[in-house]
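Chemist: I'd like to ask some things about the structure below.
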Amino acid sequence: MKRLNVYDAAMRRLDVIFNNFDYVYVSFSGGKDSGVLLNMCLEYIRKNAPHRKLGLFHMDYEAQYSQTTEYVQRVEQANSDILEVFHCCVPFRVSTCTSMHQPYWRPWQPDMQELWVRPLPEKCYTAKDFDFYDDTLWDYDFQTMFTPWLRKQKGCEKICCLVGIRTEESYNRWRVLNSDRNYKHFLGLRWTRLIDNEVCTAYPIYDWKTTDVWTANGRFGWDYNHLYDLYYQAGVPLSRQRVASPFICEAIPSLKIYRVIDPDTWGRMVSRVNGVNFACIYGDTMAMGWKHIKAPNGFSWKEYMHFLLDTLPEDIRANYLEKLHVSMQFWRKRGGCLSDETIEKLREAGVEFTVGKGTAYKTNKKPVMMEYIEDIDIAEFREIPSYKRMCICILKNDHVCKYMGFSPTKREREMKKNVMTKYKSLKNGESAEEEPSV
């Protein structure tokens, strides 16, 4: 049997989706991956299902490269015969790592209109269009709740959201499709995830490589975001060519590129979110926890951590201390799962610890109980509880402590619970207006 190339394999996956779901839409960011997925869907419909419409869901973050804005507009206009566009400009919460004072910002915040990076697009959807919206929602919560809202709007039975995730991009993306958790899959297909029997998320290009994306664009003459041409000319490595929100941790080192590529947008961004200019200047230096940081002379890492905490506003400091307390209790009572190789490295470094007999997690690793240590020079540094790791988290303005892999706090879990309650009410066609907010 002839082995399929990634293009033909993805087209077969689209055939499965379009033949089994009443309504299909693409989550389109304006990046290369969602762009190539959208082009494939448009091609599929024109060849195989000319009677169908395709939904396009775009979460507009306001502060983005002008090339991205232009690309999204071109796509929406050029394919108006097929696309049903849901261009969303909503002031949900979005994480920011540019400031120690501001853990999140809100695009399109009504009371900040004079500082908006650009005008509100025509024919966009705003907060008033979504009965489930309230000001506690994060961007990822909004994305989750959009699907049942759209299903209700379309009056369809089964709906599928297509997402352009490629596992080559990051370990977290690989984990989405290869997690050991008991996720349900449509027809047992690993590249899908059933939210419930009527709602599905699918990842048709999960096995593509970056070279496949650009090969497809070149071979089929597909339009793409020409920001990538500017990235290439500026010598930006492929791994750092991002079109996501410019204020998240992963984007901070390349924030300075805005000044060169899109100076007009940069000029408005500086006054839009707290700490943007500082993050631009020092975003890839030790000042913000990148590269090889050292504790100041005369300070232990624990002392340096408390020094950094003392410089923060009270609510921000309390947030870090709460997460530190949760982490300490976790490592004392339950333990983190470590490999035999990492355990041996701890033993060689003279670290005191206790190895448990078993864990509830599906893993071959062993639970290790230990106290926080100052620092340890091993490749698995991020897996070990240390005060240096906490210092890096603070310096990065990582308010959710993503760098340390912290679990959500009780309050964050409660907020997520409320979001899922609203999700279920939307799924069942009920009103979401009476749900309590946090």
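The values are calculated or read from the model by the stated rules, or taken from the named source; none is laboratory data. These numbers were taken from a predicted model, which means no experiment stands behind them. Positions of Cβ are generated from backbone atoms using ideal geometry, with glycine treated the same way; all protein chains shown enter the neighbour counts.
Chemist: From the list Ile376, Ile392, exactly one residue is of a type in the set (Val, Ile, Thr) and touching a strand residue (DSSP E or B) at 6+ places or on another chain (Cβ under 9 Å). Which is it? Don't jump to the end; show me each part of the working.
Modeler: Details: Ile392 fails: touching a strand residue (DSSP E or B) at 6+ places or on another chain (Cβ under 9 Å).
Of the residues listed, the single one that is of a type in the set (Val, Ile, Thr) and touching a strand residue (DSSP E or B) at 6+ places or on another chain (Cβ under 9 Å) is Ile376.
Chemist: If you don't mind, there's one more thing I want to ask. Name the single residue that is farthest from Glu371 (Cα to Cα) among those in segment 314-347 being part of a helix (DSSP H, G or I) and of a type in the set (A, V, I, L, M).
Modeler: The initial filter retains those residues of segment 314-347 that are part of a helix (DSSP H, G or I), namely 314-333, 340-347.
From what's left, of a type in the set (A, V, I, L, M): 316, 318, 321, 324, 326, 328, 343, 346.
Values: Ile316: 24, Ala318: 21, Leu321: 16, Leu324: 12, Val326: 13, Met328: 7, Ile343: 14, Leu346: 12 Å.
Among them, the one singled out is Ile316.
Chemist: Being loosely packed, with under 15 Cβ neighbours inside 10 Å, closer than 23 Å to Met404 by Cβ and either within 21 Å of the chain's Cα centre (by Cα) or modelled with pLDDT of 75 or more (or both) is the requirement here; does Asp264 meet it? Even if it seems obvious, please write down each step before you answer.
Modeler: On the way: loosely packed, with under 15 Cβ neighbours inside 10 Å: yes; closer than 23 Å to Met404 by Cβ: no; either within 21 Å of the chain's Cα centre (by Cα) or modelled with pLDDT of 75 or more (or both): yes.
So Asp264 fails the test.
Chemist: Give the residue, chosen from Thr342, Thr354, that is polar (S, T, N, Q), without any contact (Cβ under 8 Å) to a residue 24 or more places away in the chain and farther than 29 Å from Ser95 by Cα.
Modeler: Details: Thr342 fails: without any contact (Cβ under 8 Å) to a residue 24 or more places away in the chain.
So the residue among Thr342, Thr354 that is polar (S, T, N, Q), without any contact (Cβ under 8 Å) to a residue 24 or more places away in the chain and farther than 29 Å from Ser95 by Cα is Thr354.
Chemist: Going by the conditions given, is Glu371 in a loop (DSSP other than H, G, I, E, B), surrounded by fewer than 12 Cβ atoms within 10 Å (Cβ to Cβ), touching a residue at least 24 places away in the same chain (Cβ under 8 Å) and outside the structural domain of His101 (by TED's automatic domain parsing)? Before the answer, list the steps.
Modeler: Values: in a loop (DSSP other than H, G, I, E, B): yes; surrounded by fewer than 12 Cβ atoms within 10 Å (Cβ to Cβ): yes; touching a residue at least 24 places away in the same chain (Cβ under 8 Å): yes; outside the structural domain of His101 (by TED's automatic domain parsing): yes.
Answer is yes for this residue.
Chemist: Residues in segment 297-313: is at least one among the hydrophobic types (A, V, I, L, M, F, W, C), surrounded by 16 or more Cβ atoms within 10 Å (Cβ to Cβ) and assigned to a strand (DSSP E or B)?
Modeler: Within segment 297-313, the subset among the hydrophobic types (A, V, I, L, M, F, W, C) is 299, 301, 305, 307-309, 312.
Subsequent filtering for residues that are surrounded by 16 or more Cβ atoms within 10 Å (Cβ to Cβ) retains 301, 305, 308-309, 312.
From what is left, the residues that are assigned to a strand (DSSP E or B) are none.
Scanning segment 297-313 turns up no residue that is among the hydrophobic types (A, V, I, L, M, F, W, C), surrounded by 16 or more Cβ atoms within 10 Å (Cβ to Cβ) and assigned to a strand (DSSP E or B).
Chemist: Related question: State all residues of segment 374-427 that are at pLDDT below 85 and small (Gly, Ala, Ser); if no residue qualifies, say none.
Modeler: The answer is Gly405, Ser407, Ser425.
Chemist: Among the helices (runs of 4 or more DSSP H) confined wholly to segment 152-258, which include 3 or more residues that are at pLDDT below 90?
Modeler: 171-178, 227-233
Chemist: Which one of these is buried (at least 19 other Cβ atoms within 10 Å of the Cβ), aliphatic (A, V, I, L, M) and free of Cβ contacts under 8 Å to residues at least 40 places away in the same chain: Leu56, Leu42, Leu4, Leu14? If you could, list the steps in order and put the result at the bottom.
Modeler: Values: Leu42 fails: free of Cβ contacts under 8 Å to residues at least 40 places away in the same chain; Leu4 fails: buried (at least 19 other Cβ atoms within 10 Å of the Cβ); Leu14 fails: free of Cβ contacts under 8 Å to residues at least 40 places away in the same chain.
Only one candidate passes the filter, namely Leu56.
Chemist: Here are some residues: Pro103, Pro121. Which one is at pLDDT below 90 and in contact with a His (Cβ under 7 Å, 6 or more places away or on another chain)? Talk me through it step by step, then tell me what you get.
Modeler: Details: Pro121 fails: at pLDDT below 90.
So the residue among Pro103, Pro121 that is at pLDDT below 90 and in contact with a His (Cβ under 7 Å, 6 or more places away or on another chain) is Pro103.
Chemist: Could you tell me which residue of segment 72-89 is nearest to Tyr125 (Cα to Cα), considering only residues that are assigned to a strand (DSSP E or B) and aliphatic (A, V, I, L, M)? Reasoning before the result, please.
Modeler: First pass over segment 72-89, keeping only residues assigned to a strand (DSSP E or B): 83-88.
Add one more test, that the residue is aliphatic (A, V, I, L, M), and what stays is 83, 85.
Details: Leu83: 15, Val85: 10 Å.
The qualifying residue nearest to Tyr125 (Cα to Cα) is Val85.
Chemist: Those residues that are in contact with a Phe, Trp or Tyr (Cβ under 7 Å, 6 or more places away or on another chain) and either of a type in the set (Ser, Thr, Tyr) or free of Cβ contacts under 8 Å to residues at least 24 places away in the same chain (or both), I need them from segment 107-148; list them, please.
Modeler: Correct list: Tyr125, Thr144.
Chemist: Kindly indicate whether any position in segment 40-63 is in a helix (DSSP H, G or I), among the hydrophobic types (A, V, I, L, M, F, W, C), within 21 Å of Cys200 (Cα to Cα) and touching an Asp or Glu at 6+ places or on another chain (Cβ under 9 Å).
Modeler: Start the filter on segment 40-63 by keeping residues that are in a helix (DSSP H, G or I), which leaves 40-48.
Okay, now just the ones that are also among the hydrophobic types (A, V, I, L, M, F, W, C), so 40-42, 45.
After this cut, where a residue has to be within 21 Å of Cys200 (Cα to Cα) as well, the list is 40-42, 45.
Cutting the leftovers down to touching an Asp or Glu at 6+ places or on another chain (Cβ under 9 Å) gives us none.
Taking every residue of segment 40-63 in turn, none turns out to be in a helix (DSSP H, G or I), among the hydrophobic types (A, V, I, L, M, F, W, C), within 21 Å of Cys200 (Cα to Cα) and touching an Asp or Glu at 6+ places or on another chain (Cβ under 9 Å).
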